[in-house]
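So the structure is just underneath, and the comments pick up after that.
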Amino acid sequence: MSEWKRVKIGDVCTIEKGVTGLAKALPGDYPLVTTGVERKTSRDYQFDTKAVCIPLVSSTGHGKKTLNYVHYQEGKFALGSILSAVVPRDETILDARYLHVYLQKNKDRVLVPLMKGAANVSLSVTAISNIEVPLPPLVEQKKILSKIDSISSEHEDFLNELDVQIDLFGKLRQAVLQEAIEGKLTAKWREEHPELISGDNHASKLLEKIKAEKERLTKNTKGTKKAKALPPISEEEKPFDLPDGWVWCRLGEVIMYSDNLDIQKYLKPTDRVNYVDIDSIDNQKYLIREIKVKTVSELSSRARRVLRPGYLVYSTVRPYLNNLALIEESRPNFIGSTGFCVFKPLIINMKFVKYILLSSYIKDLYLEMLKGFNSPSITNNQFESTFIPLPPLSEQQAIIERVDKLMGIINELEKQVSERKEQSEMLMLSVLREAFAKG
């Protein structure tokens, strides 16, 4: 049999942008197609047809090219203003469902590379109209849809099960961290090492040393003001019980901030800075993955924390996203966003502090504190006032070793599940390539 011909979408379809503003749409009887997986409703409708609905903006924004969904919709429906409807001109030549399946399954290869823009990444109607698609006879299109329908349901069920497993791994990590900061992971260790959690090794003695060290550093650091004393923690305020040898303290008592840099005062508008913002952080590896070089004139006038090797950077904007990183290198004019706290723990183990900040205890606490709509955040004062559990130094190390071992096991199991998912996706792609090959 001969090869199927390829046609440009614009030659066989009409393409029309949506007109419904998603924020202002009045709920009603008609489906409202948005960029998300779920339909909203609208009082009015724009189309009465079978159509492929393609988002015209990136799913993730922030300069990244991504499309999560290409939708199929038929009947009377409204369409969001940031999508376009692609409607076959002649249903005896092109089945809208066939076009949808082809574009949805090949979106990362066919649609995403056509997206343009730096900050606001978008897809144009012209680019869509110029996309070439294979056009088999209508009877072959129906056969392809029947074949795909027969395997898609089982494939989706399998992928959903794998996604459930991956989600459980995330919950398991949170459970490990919570048991770590409550001292449950090291209960046996304490029984075997009572001398390392009592007397001079008690956490209360450690806290006294930390406060003395902070006072010494404050006195010896030029221009550093003495920190305002934080109020004591009453018994009623303590979030949960701690083991013997541990104490509660406030985060601000055990950390030292990096110094501020007033960029407008000390740098010229044309000077370049090495800048890190929330998008620069790898919140899986907890490292800085990208450093942006900007001029002072491109940044706001507020002072920023200087980034130094050995310090932690923690975003108080959307803190539930785990935007935390260890600074590993030194650069000239190296600064972070005004939404960052940049600090180092005094005497205590930095990794233990990291585990506290990644725990569900901290996430839940900060979720209750968030203020603001576009950039929900906590204040620096709330960050400093946060109650944290403080174990003796030796137990901190025991906790870290236990957590690292458990996380390694979880990571390996998750890797195996992810590989199974990837293999399943590749098998499905192979089936689709065969389906969309020549007849």
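Show the residues, 5+ positions off or on another chain, whose built amide H is closer than 5 Å to the amide H of VAL57.
LEU123
What FRET efficiency comes out for SER81 versus ASP44 if R0 is 22 angstrom and r is the Cβ-Cβ distance? Round to the nearest 0.05.
According to the calculation, E is roughly 0.95.
May I ask for the percentage of alpha-carbon pairs in the stretch 198-277 that lie more than 19 Å from each other?
57
Using only the alpha-carbon atoms, how far is helix 138-181 inclined from the longest principal axis of the chain? Give it as 0 to 90 degrees, nearest 10.
So the inclination is approximately 10 degrees.
So which GluC sites (Glu not before Pro) in the stretch 38-120 end up in coil per DSSP with only 12 or fewer other C-beta atoms within 10 Å?
Sites meeting the loop and neighbour criteria: GLU38, GLU91.
Testing the spin-label approximation: label points 7 Å from Cα along Cα→Cβ at GLU412 and GLU91. State their distance in nm.
5.7
Quick one: putting +1 on the C-beta of Lys and Arg, -1 on the C-beta of Asp and Glu, what dipole do you get for the chain around its Cα centre, in Debye to the nearest 20?
1880
Would you look at the GNM of the chain, springs on alpha carbons closer than 10 Å, and say which of GLY75, GLY310, GLY170 moves the most?
Among GLY75, GLY310, GLY170, the largest GNM mean-square fluctuation belongs to GLY75.
Just want to confirm a number: the relative contact order over the chain, from Cα pairs under 8 angstrom separated by 6+ residues, in percent.
Answer for the chain is 16 percent.
How large is the helix-only mean residue ellipticity at 222 nm for the chain, computed as the sum of -39500 (n - 2.57) over DSSP H runs with n ≥ 4, divided by its residue count, in deg cm²/dmol to the nearest 500?
Per the formula, -12000 deg cm²/dmol.
Residue by residue through the stretch 414-421, what is 3J(HN,Hα) from phi via Karplus (6.51 cos²θ - 1.76 cosθ + 1.60, θ = phi - 60°)? Round to whole Hz and write x for glycine and proline.
Karplus values, whole Hz, x for Gly and Pro: 5, 4, 5, 5, 4, 5, 5, 5.
Less than 10 Å Cβ to Cβ from GLY75, Lys/Arg counted +1 and Asp/Glu -1: what total charge do the surrounding residues give?
0
I want the local charge near SER359. Using Cβ-Cβ distances under 14 Å, sum +1 for each Lys or Arg and -1 for each Asp or Glu among the other residues.
+3
Grab the Cα-Cα distance for LEU321 and ARG302, subtract it from 0.36 nm times how many residues apart they are, and report the gain in nm with one decimal.
4.4 nm
Compute the acute angle (0 to 90°) between the alpha-carbon long axis of helix 360-369 and the principal axis of greatest extent of the alpha-carbon atoms of the chain; round to the nearest 10°.
So the helix axis and the longest Cα principal axis differ by about 80 degrees.
Return the subset of LYS171/LYS285; LYS354/LYS405; LYS8/LYS40; LYS65/LYS285; LYS171/LYS354 for which the Cα-Cα distance in this structure is over 20 Å, preserving the input order.
Flagged as over cut-off: LYS8/LYS40; LYS65/LYS285.
Taking the stretch 22-75, which trypsin sites (Lys or Arg not before Pro) meet the DSSP loop condition and have no more than 15 other C-beta atoms within 10 Å?
The qualifying sites are LYS24, ARG39, ARG43, LYS64.
Counting other Cβ atoms within 10 Å, keep those with at most 16, restrict to DSSP loop, and tell me which chymotrypsin sites (Phe, Trp or Tyr not before Pro) in the stretch 144-244 are left.
In loop regions of the stretch 144-244 (DSSP not H, G, I, E or B), the sparsely surrounded chymotrypsin sites (Phe, Trp or Tyr not before Pro) are PHE240.
Can you put MET407, MET115 in order, fewest other beta carbons within 10 Å first?
Result, fewest neighbours first: MET407, MET115.
Using the Karplus curve 6.51 cos²θ - 1.76 cosθ + 1.60 with θ = phi - 60°, work out ³J(HN,Hα) for each residue of the stretch 385-402 in order, rounded to whole Hz, and write x for Gly and Pro.
7, 4, 6, 10, x, 10, x, x, 4, 4, 6, 4, 5, 5, 4, 4, 5, 5
Can you tell me the orientation of helix 203-220 relative to the chain, as the angle in degrees between its alpha-carbon axis and the longest Cα principal axis, to the nearest 10?
Computed tilt is about 90 degrees.
Read-outs: derived from the displayed coordinates by stated rules, not from any lab. Predicted model, so just to flag it, every value in this text is computed and none were measured. Here the Cβ is made from the backbone with ideal geometry for all residues, glycine too, and neighbour counts use every protein chain on show.
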